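Since the structure comes first, as structure tokens, the remarks are kept for the end.
Only the coordinates and a few stated rules stand behind these numbers; no lab work does. None of the values given here were measured: they were computed from a predicted structure. Cβ placement follows ideal geometry from the backbone for every residue including glycine, while neighbour counts extend to all protein chains displayed.
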Amino acid sequence: MFMKKSPKVSLLLILFVFLIGLVESSYVMGQVDTASVLAAPQSEGIDSVRRNRILIYPGFGISLIRNEFTPDFFINLGINHMDRYEVNVNTASFFFFERGDDKNYKVYRNTFLNAEFLMNFSLLNKKEKNMNGLGVGYLIESKGQYFRNTTMMFYYKRRHGLFSVMPGIICTDDFKEVFPAISVRL
């Protein structure tokens, strides 16, 4: 005849068996043959090496546009192929501040949709990734008097470590007005 056990005793018994299993497996793992550990790992399939990585990340920075420092915020979506090149699509919002007649500040957000192609120019140095490339952006949201009509941005992006430097030009008012811009982003 079976005896009725309390749930606490059953839980303690399961925990005890689990701990004994961990101790036993650590003794077995301690006696691994070193010759097989030093051998090259076996492939588990035809294409077990990861070739592409999907990149999704937000970031922020500061830009100098039309002699004004503006904070910017971006969200990036991209594909990195074996650390050789990247193809990215991102939205970058620039925030302009303007003081109105009532002495209060108004915030004007201008958002660009960008496409980038970056290549790794430091393939021989595996410790340091030096991604450089070109990007083009189209203004999808315009607030205030900063950009008029069709506005495009062309830039060179140099990413080094945690930050990127992006010098470029912005063409606005149907390419009638052109001015330089530079951004530093994290």
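With bins 5 Å wide beginning at 0, the percent of Cα pairs of the stretch 121-186 falling in each bin runs 4, 16, 21, 19, 14, 11, 7, 5, 3, 0. Sorting 114-121, 98-105 by average packing, meaning the other beta carbons within 10 Å per residue, from highest down gives 114-121, 98-105. What distance in nm separates the simple spin-label points at residue 169 and residue 97, each placed 7 Å from Cα in the Cβ direction? Between residue 169 and residue 97, the simple spin-label model gives 3.1 nm. As a ratio to 2.2 N^0.38 Å, the alpha-carbon radius of gyration computed for the stretch 52-185 takes the value 1.13.
Using the per-residue mean of other Cβ atoms lying within 10 Å as a proxy for protection, in what order, highest first, do the peptides 155-161, 57-63 fall?
Most protected by this proxy first, the peptides run 155-161, 57-63.
Close amide H contacts of residue 181 (hydrogens built in the peptide plane, cut-off under 5 Å, sequence separation of 5 or more or a different chain): 168, 169, 170.
Close amide H pairs (under 5 Å, H built 1.01 Å from N) link residue 65 with 70, residues at least 5 positions away or on another chain. When only Cα pairs below 8 angstrom with a gap of at least 6 residues are kept, the stretch 52-185 shows a relative contact order of 19 percent.
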